[in-house]
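Nothing in this text is a laboratory measurement; each read-out follows from the coordinates by a stated rule. Being a predicted model, the structure only gives us computed values, none of them experimental. Note that we place each Cβ from the backbone using ideal geometry, even for glycine, and neighbour counts take in every protein chain shown.
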Amino acid sequence: MKCFVTGANGFIGSTLVSELNARGHRVKALLRPGADERGLRGAEFQRVTGDLTDRDLLVREMDGCDWCFHLAASYHLWQRNYAAMYATNVAGTRTVLSAAGQAGCRKIVYTSTVGCIGLPQALNGRLVPATETELLTTGQLSNHYKCSKFQAEGVAAELYRKNGLPIVIVNPSAPIGPGDWRPTPTGAITVSFLNRQLPAYMNTGLNFVHVRDVAVGHVLAAEKGRLGERYILGHREGNWTLHQLLTELAKITGLPVPRRQLPYSLALGIAKVSEALAWFTGRPPLATQAGVRMARDKMWFDPDKAIRELRLPQTPPAQAVAEAVAWFRANGYVKR
């Protein structure tokens, strides 16, 4: 297949390009001028330099492509002005998906996030991991990133319903593994732990999944995904607390787990001070209120639908963590 990929230089995107290469598919990658392309070293692809807003460019370059994977997004938990984020995540999504439909792509895979799915509910004192049917409440739209992605997923669903575009939505959870150059928030926690710069942790939880499984899930969504459906790309056994992740890291490295659990109120206070300083310095805050508020809830999910319908692989989360540690060490992220 001939594939068009936006966000190809990101953590998931670069892993997807490698996976498409391995399966014999041809790749066109949309990259902005000056994009960080370290994750694409050694990959085979045709470069398209441009922007999500250039509809004419997109239609022209997508012509003849069988599949379109739209992964590009603006991810920030704090900015002075969020207009550019909405322009990228909402308007940009409409432009890319519409262009893919106009160009005649047979399958369009839109990358959303589990942040667009409702949080797990308690049943008999136990949290039940959420499925694709769990609706997000207004109160759970706790920051601009989630709001913009929620609106963007609505655009994708609307283009399927009203325009008949062949769209499948995937909702990755928290990817971990090799190739996390920037790194992502999960990767940043791992790096901080490896450098013994993590004095405390919050009582939160995520669904951890190997980044390669997420990339494979994108390909499987193009091959087998039902149009108009959304699929959680996560791991059935990946619902861990942050303390469990740190314990696994300790098991792999021999380093101690931080002893202190940071109270929510204190973490929120630190974030408020950090953001106030950011307004004066112009530098990103060390902690954000949006991040702390998201950490108040355990974001645990059930990927059974993707496992059942797509045959989503289930690499053990412990293996993903071990591969991430080895990669960060090999690439100079560990200073101590």
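The figures follow:
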| read-out | value |
| --- | --- |
| Normalised contact order of the chain, rounded percent, pairs of Cα under 8 Å and 6 or more residues apart | 19 percent |
| Nitroxide proxy distance, nm - points 7 Å out along Cα→Cβ at residue 266 and residue 26 | 5.9 nm |
| Sparse-neighbour loop sites [trypsin sites (Lys or Arg not before Pro); the stretch 1-30; at most 16 other C-beta within 10 Å; DSSP] | 23 |
| Cβ-Cβ FRET estimate between residue 122 and residue 331, R0 fixed at 45 Å, reported to 0.05 | 0.65 |
| Listed residues 175, 225, 303: farthest to the positive end of the dipole of the chain (Cβ charges) | 175 |
| Computed FRET value (nearest 0.05) for residue 137 with residue 2, which takes r as the C-beta separation and R₀ as 56 Å | 0.85 |
| Euclidean distance between Cα centres, the stretch 270-329 to the stretch 32-94, Å | 22 Å |
| Nitroxide proxy distance, nm - points 7 Å out along Cα→Cβ at residue 309 and residue 244 | 2.5 nm |
| Distant-in-sequence amide H partners of residue 233 (H built 1.01 Å from N, under 5 Å) | 171, 173 |
| Of 184, 254, 165, farthest towards positive along the dipole that unit charges on Lys, Arg, Asp, Glu beta carbons give the chain | 254 |
| Prolate/oblate/rounded label for the stretch 31-90 (Cα gyration tensor, a/c 1.5) | oblate |
| Charge dipole magnitude, Cβ of K and R +1, D and E -1 - the chain, Cα centre, debye nearest 20 | 560 debye |
| Extension reserve of the residue 102-residue 63 stretch, reckoned as 0.36 nm per residue once the Cα distance is removed | 13.2 nm |
| Approximate shape of the stretch 1-145 as ellipsoid semi-axes (Cα gyration tensor, √5λ), whole Å, largest first | 30, 18, 16 |
| Flagged links, alpha-carbon separation over 24 Å, of 28/224; 146/251; 149/251; 224/305; 107/162; 28/146 | 146/251; 149/251; 28/146 |
| Where labels lie 7 Å past Cα in the beta-carbon direction, separation of residue 279 and residue 44 in nm | 5.4 nm |
| Three principal axis lengths of the stretch 199-336 [C-alpha, angstrom, descending] | 49, 37, 26 |
| Descending Cα extents along the principal axes, the chain, whole Å | 56, 47, 42 |
| Residue-averaged [θ]222 nm for the chain, counting only DSSP H segments that reach four residues, each worth -39500 (n - 2.57) | -12500 deg cm²/dmol |
| Relative contact order (percent, whole number), the stretch 93-204, Cα cutoff 8 Å, 6+ residue spacing | 31 percent |
| Total charge dipole magnitude, the stretch 156-251, about the Cα centre, Cβ charges on Lys, Arg, Asp, Glu only, Debye to nearest 20 | 120 debye |
| For the stretch 206-268 and the stretch 167-197, distance of Cα centres in Å | 9 Å |
| The stretch 1-46: radius of gyration over Cα atoms, expressed as a fraction of 2.2 N^0.38 Å | 1.00 |
| Axial C-alpha extent at least 18 Å, average Kyte-Doolittle at least 0.0 - helices from the chain (DSSP) | 211-224, 264-281, 317-330 |
| 5 angstrom amide H check on residue 31, placed H, neighbours 5+ away | 48, 49, 50 |
| The stretch 201-254: relative contact order as a whole-number percent, Cα under 8 Å and 6+ apart | 58 percent |
